[in-house]
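The values are calculated or read from the model by the stated rules, or taken from the named source; none is laboratory data. In this text the structure is predicted, and so the values were computed from the model without any measurement. Cβ sites come from the backbone with ideal geometry, for glycine too, and all protein chains shown count toward neighbours. Surface accessibility is based on the protein's heavy atoms, side chains included, excluding ligands, DNA and RNA. Shrake-Rupley method; radii C 1.70, N 1.55, O 1.52, S 1.80 Å.
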Amino acid sequence: KFYLTHGGFLFANDDYGLDKSFRREMQRVFPKQELQPIHSSHLIYHCFYDLPGLPKIHEHDASPAQGFGLFHRGRMVVFYGYSSDIGDGLEDSGVHPNDTPEVRELAAKMAINIAIYALTN
């Protein structure tokens, strides 16, 4: 918790199957908060590339990609990408050969936005 409340930032990628345990652990770190949906107008989607929201990289189920966050003193300290798999879109094309170049580009753009946001906010 100290890291996050003193300038740190955490990006977590659902990777399909992490949701229940990630939410449980975040509740332990910030017991008085719940993950909040991050609206498509939030700066994290627009700080470098202008994206309409969290891109859907892999279709594991019919759930839409969603961004969630935890805040400390008004600053987002945790960004959680649910049902998106940004990390998979960044892997070598041989790992996920069905990812189109367009999908891989969206994953890279979102990753860059996350990095820029974390370094500047």
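Just wondering, is there one or more residues in segment 43-53 that are hydroxyl-bearing (Ser, Thr, Tyr), touching a Pro at 6+ places or on another chain (Cβ under 9 Å) and farther than 17 Å from Thr120 by Cβ?
Just the residues of segment 43-53 that are hydroxyl-bearing (Ser, Thr, Tyr), to begin with: 45, 49.
Keeping just the survivors that are touching a Pro at 6+ places or on another chain (Cβ under 9 Å) gives 45.
Add one more test, that the residue is farther than 17 Å from Thr120 by Cβ, and what stays is none.
Among the residues of segment 43-53, not one is hydroxyl-bearing (Ser, Thr, Tyr), touching a Pro at 6+ places or on another chain (Cβ under 9 Å) and farther than 17 Å from Thr120 by Cβ, which makes the answer no.
Of the residues Leu119, Leu106, which single one is in contact (Cβ under 8 Å) with a residue 24 or more places away in the chain and open to solvent by 30 Å² or more (accessible area, probe 1.4 Å)?
Sole residue among the options that is in contact (Cβ under 8 Å) with a residue 24 or more places away in the chain and open to solvent by 30 Å² or more (accessible area, probe 1.4 Å): Leu106.
Given (1) open to solvent by less than 70 Å² (accessible area, probe 1.4 Å); (2) part of a helix (DSSP H, G or I); (3) more than 18 Å from Leu4 (Cβ to Cβ), identify the lone condition not met by Ile114.
(3)
Take residues that are touching a Lys or Arg at 6+ places or on another chain (Cβ under 6 Å) and tell me which of the helices (runs of 4 or more DSSP H) falling wholly in segment 1-99 contain 1 or more. Spell out the reasoning first.
Numbers: elements: 2-5, 19-29, 86-90.
Qualifying helices (runs of 4 or more DSSP H): 19-29, 86-90.
Tally the residues that are more than 11 Å from the chain's Cα centre (by Cα), modelled with pLDDT of 95 or more and open to solvent by less than 10 Å² (accessible area, probe 1.4 Å), restricting the search to segment 52-102.
Result for segment 52-102: 3.
Tell me, which residue of segment 31-51 that is among the polar types (S, T, N, Q) and without any contact (Cβ under 8 Å) to a residue 24 or more places away in the chain is most open to solvent (accessible area, probe 1.4 Å)? Talk me through it step by step, then tell me what you get.
Of all residues in segment 31-51, those among the polar types (S, T, N, Q) come to 33, 36, 40-41.
Subset that is without any contact (Cβ under 8 Å) to a residue 24 or more places away in the chain: 40-41.
Working: Ser40: 50, Ser41: 86 Å².
My answer is Ser41.
Can you report the number of residues in segment 24-49 which are more than 18 Å from Ile86 (Cα to Cα) and of a type outside the set (Phe, Trp, Tyr)? Break it down into steps so the answer makes sense when it comes.
So in segment 24-49, the residues more than 18 Å from Ile86 (Cα to Cα) come out as 24-36, 41.
Of the ones still in play, those that are also of a type outside the set (Phe, Trp, Tyr) are 24-29, 31-36, 41.
Selection size over segment 24-49: 13.
Going through segment 1-31 one residue at a time, which ones are more than 15 Å from the chain's Cα centre (by Cα) and more than 18 Å from Ala118 (Cβ to Cβ)?
Lys20, Ser21, Arg24, Glu25, Gln27, Arg28, Pro31
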